[in-house]
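First up is the structure itself, then whatever we jot down about it.
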Amino acid sequence: MNFQQIFVSIDNFIWGPPLLILLVGTGVYLSFRLKFLQIFRLPLALKFAFKKDKDDNNCEGDVSSFAALCTALSATIGTGNIVGVATAIKLGGPGALFWMWMAAFFGMATKYAEGLLAVKYREVDENGQMSGGPMYYIKNGLGHKPYSMFLAKSFSFFGIGVALFGIGTFPQVNAIVESTNIVFNIPIIMTAAIITTLVALVTLGGIKSISRVAEFCVPFMAIVYIIGCLAVLIVNYTAVPAAFSFIITSAFTPTAATGGFLGSTMILAMRMGVARGVFSNESGLGSAPIASAAAKTKDPAKQGLIAMTGTFIDTIVVCTMTGLVLTLTGAWSSDLSGAAMTNYAFTEGLNIIGQYIVTIGLMFFAFTTILGWNYYGERCTEFLFGIKGILPYKLIFIVLVASGAFLELELIWTIADIVNGLMAIPNLIALISLSGVVVFETKKYFNELEQSNMLKSSKVVEVN
């Protein structure tokens, strides 16, 4: 057995039925306990996400709620939305996209709980910055449990692993250099040098520097990419209904071999859809609440709602766009994979302009993901080693970004999958254990919100 096969075996074991059941099961469990809040409170959540609340400026925190959401989205909207969707469909067929939807739907409840707990149990570090996330809600929320510090430290250790060897570096850098080399014929070493320099300049500035870049880049890159996807769908509008139908039927039946596609089973489609869905939107992984903890807000539940919109935007909107383009253009059955497959799909749909949209979108997506994960790893490092560990961590991160361009794609995704899975386990245990706190805080918040709205209505009546 060679090196690659060993990692694949480890990956298959970690991402076996137990973890998939735990990931989706946690979302299902929280959805029922929260009375499917992701459906009935989504309009309110979107309103909070995009409408600035002046009252929040006076609250504790490092950045605005929108900046915290953009930081989280900068880490989630990345290669998972372009390369990850292509990888899922390449191995599991178009039906994998359906299982990405299912993982995202229940994952919205998970992300809500993560955001709420992050704000409720956050702390201020020695530098005066907010520190929060699973390691803190495990330590402070489950402090009475004998295993709490083991889980908190395990999460932080694996979080650093994901930042350094998983989502944070290798897949993102590899995707950027591959696309720029294919489309613009830019030498890999030149692209790697530019990325490394930019990452160093931004990340050494901390969360405020990262959030400023994220606030500009995330809305811009998402809008440009979605417009590009919509252009392909409009040009091929007659094929859209058939593409949707094929995605849904493929989710429940084996997909036959065609073109460069080798065929898949329902189980493989489900596994790839859930795994790539988690890689893309990070619900249950425990990463996004680290950014949520930095938000200027006094209401944990409100930040939970804002955090929940991240999964909706990432998977239900952006991943769906990519999946439809790959399916209706027939790119999914080609001999290509990763960014090359998505490039091919957009070129088929929009000719030469299509590949530029993918490449530029991928550059922005991947670069901001690197920035977001640098911050996540920094907070995990601070939890384990204190503020003295932050600078050494950042320097190691920058070196790994520089080396990420020269590793093989298959090995990169395998390593990313392994550390992702290991990171999720402590977080999911904590979410289930603290679900009662989530329900209590949710009821309390909406009762207060209802009373506040009634008071405002009564004042309006009195004035009239």
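General remarks:
- Amide H contacts for residue 297 (H built 1.01 Å from N in the peptide plane; partners 5 or more residues away or on another chain; cut-off under 5 Å): 60.
- With a 1.4 Å probe rolled over the protein heavy atoms of all chains, the accessible area of 31, 9 falls in the order 9, 31, largest first.
- Protection-proxy order for peptides 156-164, 142-150, 220-228, each taking the mean of Cβ atoms within 10 Å per residue, highest first: 156-164, 220-228, 142-150
- Extension gain for the segment residue 433 to residue 144, taken as residue separation times 0.36 nm less the Cα-Cα distance, is 102.9 nm to one decimal.
- The residue 237 and residue 44 beta-carbon pair, evaluated with R₀ = 35 Å, returns a calculated FRET efficiency of approximately 0.60.
- Hits among lysines - C-alpha to C-alpha of residue 145 under 21 Å, sequence gap 8 or more where chains match: 120, 153
- Helices assigned as whole DSSP H runs in the chain whose Cα atoms extend at least 27 Å along their own long axis and whose mean Kyte-Doolittle hydropathy is 0.5 or higher are found at 95-120, 207-235, 352-385, 409-433.
- Dividing the mean sequence gap of close Cα pairs (under 8 Å, 6+ apart) by how many residues the chain holds gives a relative contact order of 36 percent.
- Computed in the context of the full set of protein chains, the accessible area of region 76-232 at 1.4 Å probe radius has 70% of its extent on carbon or sulfur.
- Residue-normalised accessible area of region 272-428, expressed per residue, 1.4 Å probe, Å²: 25 Å²
- 29 Å Cα-Cα threshold exceeded, pairs from 139/302; 52/111; 394/444; 51/139; 51/388; 302/388: 394/444; 51/139; 51/388; 302/388
- Between residue 395 and residue 452, the C-beta separation translates, for a Förster distance of 56 Å, into a calculated FRET efficiency of about 0.70.
- Report note on the peptides 269-278, 127-136, 248-257, 329-338: ranked by the mean count of other C-beta atoms within 10 Å, highest first, their order is 269-278, 127-136, 329-338, 248-257.
- Once the Cβ-Cβ distance of residue 220 and residue 194 is raised to the sixth power relative to R0 = 25 Å, the FRET efficiency obtained is 0.85.
- With a cut-off of 12 Å between beta carbons, the residues surrounding residue 41 carry a summed charge of +3, where Lys and Arg count +1 and Asp and Glu -1.
- Based on Cα contacts under 8 Å between residues 6+ apart, region 138-277 shows a relative contact order of 8 percent.
The values are calculated or read from the model by the stated rules, or taken from the named source; none is laboratory data. None of these values were measured; they are calculated from a predicted model. In this analysis, Cβ positions are derived from the backbone assuming ideal geometry, glycine residues included, and neighbour counts consider all displayed protein chains. Protein only, heavy atoms only, side chains kept; ligands, DNA and RNA dropped before computing areas. Shrake-Rupley method; radii C 1.70, N 1.55, O 1.52, S 1.80 Å.
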